[in-house]
2 protein chains.
Amino acid sequence: MQKKEAPLHNNLAWPTVQRLSEYLIILEQFAEGGREVISSSELAEVYSNTPSQVRQDIFRLPNTGRVGQGYRIKELAEAIRETLGLDSVTKIVIVGCGRMGMTLAQHIPFGEHGMKLCGIFDNDPTIIGLEIEGTKVEDVSILEKKVVESAVSMAVLCVPASVAQELADRLVSSGIKGILNLTRQRLKVPPGIYVQYEQIICSFMQLAYKCKQSPRPAPNL
Amino acid sequence: MQKKEAPLHNNLAWPTVQRLSEYLIILEQFAEGGREVISSSELAEVYSNTPSQVRQDIFRLPNTGRVGQGYRIKELAEAIRETLGLDSVTKIVIVGCGRMGMTLAQHIPFGEHGMKLCGIFDNDPTIIGLEIEGTKVEDVSILEKKVVESAVSMAVLCVPASVAQELADRLVSSGIKGILNLTRQRLKVPPGIYVQYEQIICSFMQLAYKCKQSPRPAPNL
DNA sequence: TTAACATTGATAAAATTTTAACAGCCATTG
DNA sequence: CAATGGCTGTTAAAATTTTATCAATGTTAA
Ligand SMILES: NC(=O)c1ccc[n+]([C@@H]2O[C@H](COP(=O)([O-])OP(=O)(O)OC[C@H]3O[C@@H](n4cnc5c(N)ncnc54)[C@H](O)[C@@H]3O)[C@@H](O)[C@H]2O)c1
Ligand SMILES: NC(=O)c1ccc[n+]([C@@H]2O[C@H](COP(=O)([O-])OP(=O)(O)OC[C@H]3O[C@@H](n4cnc5c(N)ncnc54)[C@H](O)[C@@H]3O)[C@@H](O)[C@H]2O)c1
């Protein structure tokens, strides 16, 4: 069975993109544990879907598995990164360094995923100047300057909702390409600029819906 | 045009559930602003989808809009909450009160969404006893006892990945129904228990993929 | 060397989700 | 009071996504 030439337009289904990003986390964990090869059924077992779906998701990726053998974990991870656009260093900035912004700065291993944190901004004088994981918090007044200078492509918004749109506008006019918006404010952006919304409370609601499907089980201590 | 009787089994499509939870956030913001009525096209404009999809999503909900008039925001919000399973108070606990756990405790308005935070647990003596937004951090050794006592139905895991599975097991054996897992550890749980995974880094990756579709625009200051 | 085995790559069928279309209803206006 | 216009509820069609299936292939063991 021959692998077809890679499709010109790597246009993946959105659900596939979502799963691929999660597979990557799983693959990295396996790799850390020293594992070299994984099969679609093992990955499906961990992810809780089917081997068929895993193969279908991986099908479009440039890298090939070995028929009968499974996938080389490192190669597969690299193929996913490349396909998602994380092959070159993706520059990002954090805007708003309160509790949330600081947690992200300290805790998300950007480097491990082909991204580089190259700026943290706030407007609170007591926060400006703090150094977090090697990055100094800067005054938000120089946001545009820094974003343009470093050709930053993505930003995370962790400011109060009331100023989110204003900062989004400033980011967009500085040439940013995508915004990860953690505030509750829905943003208006021009076409060609992408916004990804993320609300933990929504995950709770979705979980509540799942839970509603069956009654609370009895404790089993 | 007659509204059909409510379907017996309110089995919503999963993408619909996801959108409904986001509509709710939007509706709450409109309500705060004093708005009383909203049309499917206005909601679609803010959410960035189509009026048709909005109507299709709302279609199965018990509450009715007024033909020609739009939806009463409060009624619609209430219908969504009810459908998602947030009509009665859903009890939740936070497990792990480091940076992430603390941010959630302080920042997520559980009460506004039909949920009640009724416990925060950690194993660090310097953290145990702290009071966060009116809830004391307790020793994780009494986790099972408290979960059973209060009939808690959902938990958020914000502990190090290395202890995530162990704590998930303890939660499950205490009768928990759903786990919102913020750690990178994929969890094994028995059937009938639901896990919702949430990784901000995955949102970044998904955003990177969106951004890859077109080149970075020139700044426009 | 050959046969058995496990597992992918690929395709086709099934299922789900989105989009489109429009009849019917309610408020408003003259 | 009748006509108009806006917008929902509902259905059906289109598009997308998931699932099933199986030939092909490298590996291992006899
Ligand atoms: N998506 C989620 O799940 C989630 C969870 C928690 C919080 N949040 C949201 O994240 C945002 C931040 O939350 P937080 O807990 O960090 O709040 P916070 O108040 O601790 O932090 C906000 C930060 O923004 C800074 N700021 C205010 N105005 C600014 C401006 N004009 N320019 C630059 N910086 C500015 C403040 O100085 C502060 O440091 C809020 O909108 C909150 O609702 C989202
Ligand atoms: N999903 C995301 O987007 C995201 C973002 C940031 C962090 N995280 C994850 O969230 C988790 C916590 O991150 P953090 O920044 O809060 O780390 P942290 O180290 O600040 O907090 C971990 C807390 O767990 C407590 N803990 C350790 N062992 C425990 C046990 N057995 N029982 C109870 N409590 C215990 C520690 O005392 C500490 O307070 C980590 O797994 C991290 O990877 C996820």
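Please find, within segment B:112-137, the residue that is modelled with the lowest pLDDT out of those that are of a type outside the set (Gly, Ala, Ser), in contact with a Lys or Arg (Cβ under 8 Å, 6 or more places away or on another chain) and over 16 Å from B:ARG99 (Cα atoms).
B:HIS113
In segment A:58-78, how many are open to solvent by less than 30 Å² (accessible area, probe 1.4 Å), within 10 Å of DNA strand C (Cβ to nearest atom) and within 14 Å of chain B (Cβ to nearest Cβ)?
Number of matching residues: 1.
Working only within segment B:164-196, note down all residues that are within 16 Å of ligand 2 (Cβ to nearest atom) and over 21 Å from the mean Cα position of the chain (by Cα).
Result: B:GLN165, B:GLU166, B:ASP169, B:ARG170, B:SER173, B:SER174.
In segment B:79-103, which residues are crowded, with 16+ Cβ neighbours inside 10 Å and away from ligand 1 (no atom under 16 Å from the Cβ)?
Across segment B:79-103, the qualifying residues are B:ALA79, B:ILE80, B:ARG81, B:GLU82, B:THR83, B:LEU84, B:GLY85, B:LEU86, B:THR90, B:LYS91, B:VAL93, B:VAL95.
So which residues in segment A:160-192 are open to solvent by less than 20 Å² (accessible area, probe 1.4 Å) and more than 7 Å from chain B (Cβ to nearest Cβ), if there are any at all?
Selection gives A:ALA164, A:LEU167, A:ALA168, A:LEU171, A:ILE176, A:ILE179, A:ASN181, A:THR183, A:LEU187.
Regarding segment B:28-47, can at least one residue be identified that is part of a helix (DSSP H, G or I), more than 14 Å from every other protein chain (Cβ to nearest Cβ) and crowded, with 16+ Cβ neighbours inside 10 Å?
Yes, because at least one residue in segment B:28-47 is part of a helix (DSSP H, G or I), more than 14 Å from every other protein chain (Cβ to nearest Cβ) and crowded, with 16+ Cβ neighbours inside 10 Å.
Among residues belonging to segment B:101-121 that are in a strand (DSSP E or B) and touching a helix residue (DSSP H, G or I) at 6+ places or on another chain (Cβ under 6 Å), point out the one that is nearest to the other protein chains (Cβ to nearest Cβ).
B:LEU117
Which number in (1) surrounded by fewer than 18 Cβ atoms within 10 Å (Cβ to Cβ); (2) out of contact with any Gly (no Cβ under 6 Å at 6 or more places or on another chain) marks the one condition that B:LYS146 misses?
Against the list (1) surrounded by fewer than 18 Cβ atoms within 10 Å (Cβ to Cβ); (2) out of contact with any Gly (no Cβ under 6 Å at 6 or more places or on another chain), B:LYS146 comes up short only on (2).
Return the pairs, sorted by first residue and then second, in which the second residue is among the small types (Gly, Ala, Ser) and at pLDDT 90 or above, the first residue lies in segment A:94-112 and is more than 12 Å from A:PRO160 (Cβ to Cβ), the beta carbons are less than 6 Å apart, and the residues are 6+ apart or on different chains.
A:ILE94/A:GLY101; A:ILE94/A:ALA105
The values are calculated or read from the model by the stated rules, or taken from the named source; none is laboratory data. All values reported here derive from a predicted model rather than from experimental measurement. A quick note on method: Cβ atoms are made from the backbone with ideal geometry, for glycine too, and the neighbour counts reach across all protein chains shown. We work out accessible area using only protein heavy atoms, side chains counted, and drop any ligands, DNA or RNA first. Shrake-Rupley method; radii C 1.70, N 1.55, O 1.52, S 1.80 Å.
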